[in-house]
Amino acid sequence: MKDVKIVTIDPRGRIVIPNNIRKSIGITTNSQIMLIADSDTKEIKLTPIGLSDKEKPIKFQITMKDVPGALARIANIFAEKNISLIFGTSITVERDKFAIWEVIGPLPSDKNIEDLKEVLLTEGDAIKVEIIPLD
């Protein structure tokens with residue numbers, strides 16, 4: 001069921017999510033919400049992400065070869081390292097040459113991030129790996 005409300009942005013850029021909407025999708029105090037802005041359609045999507053307040057989300061921007069199975073090999077590395085992914089989007093930049101996969105997940109506290117980058121570069125088809133904190 002869809003619930004539609006119109007809210008106003010205050011002078012500091014904040015909005016209030018009405019109580020009935022928060023309840024209907026399970027948002028409570030300290031819930032983390034991912035905002036996805038689409039500048040082409042002028043839309044913002046709000047999605048509860050289910051991370052604990054101790055987990056910090058991080059974005060991996062991975063440039064990879066545009067070959068069959070490249071994305072699957074890289075995704076499998078995340079699975080082998082037991083790193084959950086909560087959002088991802090990929091785009092082919094140049095057909096048969098390279099693509100970019102942006103993926104968001106919690107910052108692995110028990111893993112060396114530089115080691116993960118190295119594995120993505122050597123065992124996956126990653127050409128470049130950037131890690132961008134989402135603060």
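For T41, state whether it is exposed (fewer than 10 other Cβ atoms within 10 Å of the Cβ), farther than 16 Å from L121 by Cβ and in contact with a helix residue (DSSP H, G or I) (Cβ under 9 Å, 6 or more places away or on another chain).
It is false that T41 is exposed (fewer than 10 other Cβ atoms within 10 Å of the Cβ), farther than 16 Å from L121 by Cβ and in contact with a helix residue (DSSP H, G or I) (Cβ under 9 Å, 6 or more places away or on another chain).
Number of residues in the stretch 120-135 that are in contact (Cβ under 8 Å) with a residue 40 or more places away in the chain, under 12 Å from I62 (Cβ atoms) and not in a strand (DSSP E or B): the value is 3.
Give the stretch 4-28 a look and list any residue that's part of a loop (DSSP other than H, G, I, E, B), under 25 Å from the mean Cα position of the chain (by Cα) and at pLDDT below 90, or say none. G26, I27, T28, listed by residue number.
Checking each residue in the stretch 69-83 for being in contact with a strand residue (DSSP E or B) (Cβ under 7 Å, 6 or more places away or on another chain) and modelled with pLDDT under 90 picks out only I83.
Okay, residues lined up against (1) modelled with pLDDT under 85; (2) out of contact with any His (no Cβ under 8 Å at 6 or more places or on another chain); (3) under 20 Å from V103 (Cα atoms); (4) not in a strand (DSSP E or B):
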residue	(1), (2), (3), (4)
N30	yes, yes, no, yes
T41	no, yes, no, yes
K54	yes, yes, yes, yes
L85	no, yes, yes, yes
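Residues that are surrounded by 10 or more Cβ atoms within 10 Å (Cβ to Cβ) and out of contact with any Gly (no Cβ under 9 Å at 6 or more places or on another chain) within the stretch 21-36 comprise I21, R22, K23, S24, I25, I27, I33, M34, I36, listed in sequence order. Taking first residues from the stretch 83-106 that are within 11 Å of I62 (Cα to Cα) and in contact (Cβ under 8 Å) with a residue 40 or more places away in the chain and partners that are loosely packed, with under 11 Cβ neighbours inside 10 Å and of a type in the set (K, R), no Cβ contact under 6 Å between residues at least 6 apart in sequence or on separate chains turns up.
The values are calculated or read from the model by the stated rules, or taken from the named source; none is laboratory data. Just so we're clear, the structure is a prediction, and the values are computed from it rather than from any experiment. Please note: Cβ atoms are built from the backbone with ideal geometry, for glycine as well, and neighbour counts cover all protein chains shown.
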